[in-house]
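A.B. asks: Take a look at this one; I'll ask things after.
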């Protein structure tokens, strides 16, 4: 009869060495990482008045940085090149704001009259249409709307809006200052941040910074081109159909295009609603068809040609990033989430040597584009 093996002297069985222990160890590591991420996000949200302007300044610097470098290569001094690019951007933003204000001011009375007429037609349709709605119900809905507009909740919301306006002015001022220094001394700032690193890690960080600027610049410039095409097509259609506020609506379409997947569509729906109120259902239907056609043209033709591979993200990843950004920081988060997600993916590719342009960082990697062996 065989005897059972005796335990080896000095060997101790650890609860972390079996399968369940290894799973528990990995779960603890994942929980620790998630905790660090949550704490980091919470901390950044507490100083969002600083973080958001810096991120916007970085994106704008990446977009117009090539223009500054072009001026420098032409022999323009660095400070003067920065000032020219900076002032050009301010002139464009001021011109866009002025166009919106002037258009709204010139067509506001017409739009108010058209809106009043449209609401009367809508009320008449609800009363005489197939829906079982009576005049007393419409009066109750109107009174409820008036009560809500004069309630303490709306007044507190107005005070909160005043606080948001103050934060917006402060954030815009900070963004302008940071943008100027990014354009003027961006390379010096980056070199200062990389001073503690040496060797391959420094090389990877430099390449990650380069890829960050490439991704952000390509994304913003490509999105601006697509947004310009969308705004021009929809704006021309609105002008031909004589829809009020055609130019401001076209500018809203341009700005909305910077929110992926949904921005241009929501702006187009707004244009259709204005057409419905001011010009009737037939014109609104035509506007809606034009918006759908432009969105299809953007998705099937413009996006692949203009954006290329600058945004190597699946549509589902874009949707997740868009949702998370909107939850965390509202509209600004929706605008910033997708380019930041693209930057994170590009940096991960550089850091794990999966970017085909980083073979010089790891001599063991095969040449870019080579067949696997």
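A.B. asks: Going by the conditions given, is residue 55 outside any loop (DSSP other than H, G, I, E, B) and either more than 30 Å from residue 93 (Cβ to Cβ) or modelled with pLDDT under 85 (or both)?
C.D. replies: No, not satisfied.
Matching residues to (1) surrounded by fewer than 14 Cβ atoms within 10 Å (Cβ to Cβ); (2) at pLDDT below 80; (3) more than 30 Å from residue 124 (Cβ to Cβ):
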position: 283; (1), (2), (3): no, no, no
position: 307; (1), (2), (3): no, yes, yes
position: 318; (1), (2), (3): no, yes, yes
position: 321; (1), (2), (3): no, no, yes
position: 341; (1), (2), (3): no, no, yes
position: 352; (1), (2), (3): yes, yes, yes
position: 362; (1), (2), (3): yes, yes, yes
position: 369; (1), (2), (3): yes, yes, yes
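A.B. asks: Tell me, please, whether a residue that is touching a residue at least 40 places away in the same chain (Cβ under 8 Å) and in a helix (DSSP H, G or I) can be found in the stretch 258-270.
C.D. replies: Yes.
A.B. asks: Just one of 183, 174 is under 17 Å from residue 68 (Cα atoms), part of a helix (DSSP H, G or I) and not assigned by TED's automatic domain parsing to the domain that holds residue 294; which is it?
C.D. replies: 183 is the lone residue from the list that is under 17 Å from residue 68 (Cα atoms), part of a helix (DSSP H, G or I) and not assigned by TED's automatic domain parsing to the domain that holds residue 294.
A.B. asks: Within the stretch 168-179, which residues are touching a helix residue (DSSP H, G or I) at 6+ places or on another chain (Cβ under 6 Å) and at pLDDT below 85?
C.D. replies: Correct list: 171 only.
A.B. asks: Does residue 238 fit the bill of being in contact with a helix residue (DSSP H, G or I) (Cβ under 8 Å, 6 or more places away or on another chain) and surrounded by fewer than 21 Cβ atoms within 10 Å (Cβ to Cβ)?
C.D. replies: Judged against the criteria, residue 238 is not a match.
A.B. asks: Could you figure out which of (1) in contact with a helix residue (DSSP H, G or I) (Cβ under 9 Å, 6 or more places away or on another chain); (2) farther than 30 Å from residue 211 by Cα; (3) modelled with pLDDT of 80 or more isn't true of residue 278?
C.D. replies: (3)
A.B. asks: Being modelled with pLDDT of 65 or more and surrounded by 10 or more Cβ atoms within 10 Å (Cβ to Cβ) is true for just one of 121, 136. Which residue is that?
C.D. replies: Just a single option satisfies the conditions, and that option is 121.
A.B. asks: Related question: What pairs can you find where one residue is in the stretch 343-354 and closer than 17 Å to residue 318 by Cβ, the other is modelled with pLDDT under 80 and loosely packed, with under 14 Cβ neighbours inside 10 Å, and their Cβ atoms are less than 7 Å apart, with a gap of 6+ or different chains?
C.D. replies: So the pair list comes out as 345/312.
A.B. asks: Another question about this same structure. If residue 329 meets every condition in (1) at pLDDT 80 or above; (2) buried (at least 18 other Cβ atoms within 10 Å of the Cβ) apart from one, which number is that one?
C.D. replies: With respect to (1) at pLDDT 80 or above; (2) buried (at least 18 other Cβ atoms within 10 Å of the Cβ), residue 329 is out only on (1).
A.B. asks: Which residue out of 62, 15 is in contact with a helix residue (DSSP H, G or I) (Cβ under 6 Å, 6 or more places away or on another chain) and modelled with pLDDT under 85?
C.D. replies: When all the criteria are applied, what remains is 15.
The values are calculated or read from the model by the stated rules, or taken from the named source; none is laboratory data. Computed from a predicted model, the values in this text were never measured in an experiment. Neighbour counts run over all protein chains shown; Cβ positions are idealised from the backbone, glycine included.
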